[in-house]
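Right, one structure below, let's go through it.
The values are calculated or read from the model by the stated rules, or taken from the named source; none is laboratory data. Since the structure is predicted, the reported quantities are computational estimates derived from the model, not experimental observations. Here the Cβ positions follow ideal geometry from the backbone for every residue, glycine too, while neighbour counts run over all protein chains shown.
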């Protein structure tokens, strides 16, 4: 089969900055479009940036998580005209600390897809009840980047007190739905062998239903910028606001230890802190405010500039289903320190300084090692960029998805 297809990619939220979902949707839709397919993206808010030839179909939920202020949420809800049962469910569930977007997006997407004539649907990890209904009428591929059981595990581990634990339990209550839905799905794709293993173990999915297709890295945008000089003692990391899974605490503690020996030390954090949140409080407690610089809402070129200015990149995650920051740092040919967990070694191979997770000592030691041996570290980083170009090129990855799409359509029609 090689005909050109009409493809729908569903994504319950696709923020273009922050988190990997918006990146994934942009890249996959563009790459499949470049292969000659017509691609529409059905997305809830926040909406993605997309390539010129890819059509965005908005599926507007209430987007209550743009704010955590109760009065503002009330205003959003009552401003919505012609409220549906999904709107009511979304508001009430969020009011009591849940995350209802996955379920309501699935219902809204199902309604849109019932009126469509797509050849295949690719759903980006909503794992919602609506996708079971979609699968009855259309070939469906579900993307599971990793089971969210891992996020829940670490959020509970780092919660303080019973109230925080109950709050996390309520937030992650959608996991019951995701586990049930995953057992009903016929075709699942995941970006790493480690994620496949975890999906089988945590969700009980049969191995034969899961294909492993890695994510690609935009090595044309994330590229070394030779005309930009490195800032002495600058290091860089990427971290979602106050997410324990990203392990930022351990990097901050390492900065506190290193600041005496490296007075020019700067840690650039790609992301933004939660105002008054745990990370801001920890930075003040460690008295390292002057050594921290946040940079958010950056274009790809602007991120590449920040990498070019830096001497070391750190990915201190406790878990990654794939880990775009790992591949992007390597693509920029910057010496990389990364935790030796989950999918990360699959991406880095031998081209990064791999360290144990949850270890301030290991981060500190690795930074000192790279600072002391910049030439040797740079040779490995240059080889790491070649590794990314050869193995994680989006056009190659898109061909793998195309093969899985054709196979899924053939099996649906049998």
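At-a-glance table
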item	result
Extreme residue, surrounded by the most Cβ atoms within 10 Å (Cβ to Cβ), among residues of the range 165-183 that are free of Cβ contacts under 8 Å to residues at least 60 places away in the same chain and closer than 15 Å to residue 147 by Cβ	181
Subset of the range 184-202 [within 17 Å of residue 102 (Cα to Cα) and surrounded by fewer than 17 Cβ atoms within 10 Å (Cβ to Cβ)]	184
Subset tally (residues that are touching a residue at least 24 places away in the same chain (Cβ under 8 Å) and surrounded by 12 or more Cβ atoms within 10 Å (Cβ to Cβ)) for the range 269-283	10
Pick from the range 318-363, criterion assigned to a loop (DSSP other than H, G, I, E, B) and touching a strand residue (DSSP E or B) at 6+ places or on another chain (Cβ under 6 Å), ranking: surrounded by the fewest Cβ atoms within 10 Å (Cβ to Cβ)	340
Subset of the range 376-414 (residues that are closer than 28 Å to residue 134 by Cα and not in a helix (DSSP H, G or I))	414
Residue among 199, 217, 269, 235 that alone is closer than 26 Å to residue 15 by Cα, under 25 Å from the mean Cα position of the chain (by Cα), modelled with pLDDT of 95 or more and assigned to a loop (DSSP other than H, G, I, E, B)	217
Subset of the range 296-310 (residues that are touching a strand residue (DSSP E or B) at 6+ places or on another chain (Cβ under 6 Å) and outside any helix (DSSP H, G or I))	310
Residue in the range 213-223 that is within 24 Å of residue 323 (Cβ to Cβ) and surrounded by fewer than 16 Cβ atoms within 10 Å (Cβ to Cβ) present	yes
Residue 234 within 21 Å of residue 355 (Cα to Cα) and either in the same structural domain as residue 290 (by TED's automatic domain parsing) or touching a strand residue (DSSP E or B) at 6+ places or on another chain (Cβ under 6 Å) (or both)	yes
Yes/no for residue 61 being surrounded by 19 or more Cβ atoms within 10 Å (Cβ to Cβ) and assigned by TED's automatic domain parsing to the domain that holds residue 399	yes
Residue match in the range 147-164 (condition: in contact with a strand residue (DSSP E or B) (Cβ under 7 Å, 6 or more places away or on another chain), part of a loop (DSSP other than H, G, I, E, B), modelled with pLDDT of 95 or more and crowded, with 20+ Cβ neighbours inside 10 Å)	no
Counted residues, the range 383-406 - those being surrounded by fewer than 17 Cβ atoms within 10 Å (Cβ to Cβ) and free of Cβ contacts under 8 Å to residues at least 60 places away in the same chain	4
Some residue of the range 17-32 being in contact (Cβ under 8 Å) with a residue 60 or more places away in the chain, within 25 Å of residue 110 (Cβ to Cβ) and assigned to a loop (DSSP other than H, G, I, E, B)	yes
